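The values are calculated or read from the model by the stated rules, or taken from the named source; none is laboratory data. Quick caveat, the model's predicted, so the values are computed rather than measured. Reconstructed Cβ throughout: ideal geometry from the backbone, glycine too, with neighbour counts over all protein chains shown. For the accessible areas, the whole protein counts, side chains as well, though only heavy atoms, and no ligand, DNA or RNA atoms are used. Shrake-Rupley method; radii C 1.70, N 1.55, O 1.52, S 1.80 Å.
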Amino acid sequence: MSSREMLLNKTESENEKVTKDVEEKIVEAINNADEDMLFGIFSEETKEKNADIRNQIHDLIALFDGKKIVSEDTHPQHSQGGANYDEWIVTRSGCITLETGEQYDVMFSMVAKQETNPIEEGVYNLCVFEGDKDDSPDEFTWGGDYGIELYVFDESVVTNMVQSIVDAINNTDAEAIKALLSENAKEYIFDVDTDIQWLFDAFYGKKIVDFTELKLVLDSTYTHRHDAEVSNRWSRIYVLTLEDGTEYEMKISMYSMDKEDPGNVGLNIVSVIKCRMETLEKEDRLMWESYLSDPKINVYRY
């Protein structure tokens, strides 16, 4: 083995130990709600560049609400060394499990070694993702900023919206539908009253007795707890069960936040198909699934 290979192996082993030690400190700090301990793992450079780091640490600990982490399964994902191995950047990622059984994917990146500029040594980015990141939309990326990034779901935002739509349909309450629509949707839709009536008519007076989520549509974005994220768009497809047992599918798209255009906040799309989509030919399925770009109330009459 060459001296270069020996140095590389030795450094990789040291990096494994350093990142594992940091992981254990993160778990201990969260379990003990020790904000100072968590603050200590971050590099001095990160503390200088992110004035909000203390608040982000508080949010991270509050996220777990006193629930203990009972196991972690993480590993170094990537190591990058300088030309003379005087600088090493390491990323560690994996899954943590709480005593309640809830799981979070985590990732942190750190400078494990920096001989020429020691203030860079330490963690510079820590991400926590609620659930399994592999279930996220293809275009979802995380990490990169100095500090802590929390990606969490507040599914009640979407569930409450769907329940409100169902209640309005069951009560043929046009004003309730209008109240759910974003300001932009109300301006964009040519004849809101007619479209709402078509929506009501699609159910022939039958009540919706249940709804279940079918899938998360890939253009959805995730709720980000900090100001780097400017908008949260949610898109879902639901199976609606009527009182006579027939099933429809309904797609909704909504914004829970849009800092660049607050007029988007609210319901932008509600599209109903009067059957189960799986029964359609591929061309018809693709046509219905494409109804997501412009605000609309739509009944797909197959």
Item to check | Hits in the stretch 67-94 (condition: open to solvent by less than 60 Å² (accessible area, probe 1.4 Å) and either on the phi > 0 side of the Ramachandran plot or modelled with pLDDT of 90 or more (or both)) | outcome: LYS67, ILE69, TYR85, GLY94
Item to check | Filter pass, ARG4 being among the basic types (Lys, Arg), surrounded by 12 or more Cβ atoms within 10 Å (Cβ to Cβ) and either modelled with pLDDT of 80 or more or more than 24 Å from the chain's Cα centre (by Cα) (or both) | outcome: no
Item to check | Where ASP21 falls short, out of the listed (1) within 20 Å of PHE129 (Cβ to Cβ); (2) out of contact with any Asp or Glu (no Cβ under 9 Å at 6 or more places or on another chain); (3) without any contact (Cβ under 8 Å) to a residue 24 or more places away in the chain | outcome: (1)
Checklist entry - For the stretch 113-120, does any single residue satisfy the condition of being buried (at least 17 other Cβ atoms within 10 Å of the Cβ), modelled with pLDDT under 85, basic (Lys, Arg) and closer than 19 Å to PHE42 by Cα? => result yes
Checklist outcome for this item: Scanning the stretch 196-205 residue by residue, those part of a loop (DSSP other than H, G, I, E, B), open to solvent by less than 70 Å² (accessible area, probe 1.4 Å) and free of Cβ contacts under 8 Å to residues at least 60 places away in the same chain turn out to be PHE203, GLY205
